[in-house]
1. Looking only at segment 51-70, decide whether some residue is touching a Gly at 6+ places or on another chain (Cβ under 8 Å), free of Cβ contacts under 8 Å to residues at least 40 places away in the same chain, in a helix (DSSP H, G or I) and of a type in the set (S, T, N, Q).
2. Looking at segment 174-190, can you tell me whether even one residue there is at pLDDT 95 or above, within 22 Å of Lys225 (Cβ to Cβ) and touching a Ser or Thr at 6+ places or on another chain (Cβ under 6 Å)?
3. In segment 84-104, what residues are within 30 Å of Gly271 (Cα to Cα) and either open to solvent by 30 Å² or more (accessible area, probe 1.4 Å) or of a type outside the set (A, V, I, L, M) (or both)?
4. Specify which of the listed residues (Val248, Val294, Val300, Val315) is in contact with an Asp or Glu (Cβ under 7 Å, 6 or more places away or on another chain) and at pLDDT 95 or above.
5. Would you check if Glu313 is at negative phi, open to solvent by 70 Å² or more (accessible area, probe 1.4 Å) and not small (Gly, Ala, Ser)?
6. With (1) at pLDDT 95 or above; (2) surrounded by 21 or more Cβ atoms within 10 Å (Cβ to Cβ); (3) of a type in the set (Asp, Glu) as the list, and Asp286 as the residue in question, which single condition is left unmet?
7. Given Thr73, Thr46, which one is surrounded by 14 or more Cβ atoms within 10 Å (Cβ to Cβ), under 17 Å from Arg129 (Cβ atoms) and of a type in the set (Ser, Thr, Tyr)?
8. Taking Glu107 as meeting all but one of (1) surrounded by fewer than 17 Cβ atoms within 10 Å (Cβ to Cβ); (2) touching a helix residue (DSSP H, G or I) at 6+ places or on another chain (Cβ under 8 Å); (3) closer than 30 Å to Lys278 by Cα, write down the number of the exception.
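The values are calculated or read from the model by the stated rules, or taken from the named source; none is laboratory data. For clarity, every value in this text was computed on a predicted model and none was experimentally measured. Note: ideal-geometry Cβ built from the backbone for every residue, glycine included; neighbour counts use all protein chains shown. For the accessible areas, the whole protein counts, side chains as well, though only heavy atoms, and no ligand, DNA or RNA atoms are used. Shrake-Rupley method; radii C 1.70, N 1.55, O 1.52, S 1.80 Å.
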Amino acid sequence: MARPLQERNRNDGSRTKEDQPPVTQTLPTGLPELASLRQKVGAALTEFLDAKERAAPGKELLYLTTALRGLLTGGKRLRSLLCLYGWQAAGATGDMTAAVRAAASLELFQVFALVHDDVMDDSDVRRGRPSAHRALATAYTDSGGPGSRAEAHGLGAAVLLGDLSLVWSDELLRTADLSPGRLAQVLPLVAEMRSEVMYGQLLDLQTTGRLAGDVDTALHVIRYKTAKYTIERPLHIGAAAAGAAPPVLDACTAFGIPLGEAFQLRDDLLGVFGDPAKTGKSILDDLREGKATVLMALAVQRASTAELKTLRELVGRSDLNEEHAAAVRTILNSTGARKTVEEMITARRATALAALDNAPFPGSATASLRRLALDATARQT
């Protein structure tokens, strides 16, 4: 999955709703400032998890809910923010409680997706911390479990954690206090989002490890794995929660798809050229896994015979080290692949921003989305 935008305002989800500071400032966007929106989403998640722990059939469930709370720490809550921006784009004002709970449900779904993604990719790190299956394996041995069972336990417990997050995402949405009519508009969009991201994940699994110069296929993967899931559908869900008409949903798509593609293209660059201290992930993982990114497809298309030989020898090696990665980065630069991806990001961002010029959104929503588009695609390498 695409990594969240770099964290600037952390919310560890540890405070109750009543503990949140009052909103003392609003931006010209018409919504509370970003830090306050994140706090509102965090408070909704905390309230929900607190209730679940109180009603748990046994204290053993804390083993998973503790891990879940940790995974909800950090990040910029991009999908939940976009859900609230979609609500605003449909012209909604006033009490945000139901919209915030609907937005918070997307954070639980994201945990499900990230945990299972890390299991499939055998990733060691997520958001600068051990990935869920690694952390759960360590917790198992720390509590006296045999080391010979640690890996299997970590994987099994992570699958359960992901499944629980998915189930609770659905419950939080259905109890968000949306009217029956609005919920009926939202649920088909949520179902489509879930199906699309599974399809995108399947495409990612099928193409990983196959070094090819197929840019079109790589773009197809990111449209379903990231663009629709990360940008378009959260906007749709928020807009539908406010009773949006079809033109509003169409405008969300016109903005969301190109921005989502630009966001993933930026993430692909960060996956190879980024700073792990900022991204929270290794810059070797994508190369070790042989991810079929647009960046790599362009390099394969343009590489000389010698460069292609080097790529085939190194990309996808489980023991790829920094020296190997440096050799691959040299080729990504010398073939112009990195430069072309930067140009693709710029073009898609421009398309997204142009879509806002004609969108039937309130001016405040347009301002919010314009700022987010710039932040989401800013060069960090």
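1. No; the residues of segment 51-70 include none that is touching a Gly at 6+ places or on another chain (Cβ under 8 Å), free of Cβ contacts under 8 Å to residues at least 40 places away in the same chain, in a helix (DSSP H, G or I) and of a type in the set (S, T, N, Q).
2. no
3. Tyr85, Gly86
4. Result: Val294 is the single residue among Val248, Val294, Val300, Val315 that is in contact with an Asp or Glu (Cβ under 7 Å, 6 or more places away or on another chain) and at pLDDT 95 or above.
5. Here the answer is yes, as Glu313 does meet what is asked.
6. (1)
7. Answer to the selection: Thr73.
8. Glu107 satisfies all of (1) surrounded by fewer than 17 Cβ atoms within 10 Å (Cβ to Cβ); (2) touching a helix residue (DSSP H, G or I) at 6+ places or on another chain (Cβ under 8 Å); (3) closer than 30 Å to Lys278 by Cα except (1).
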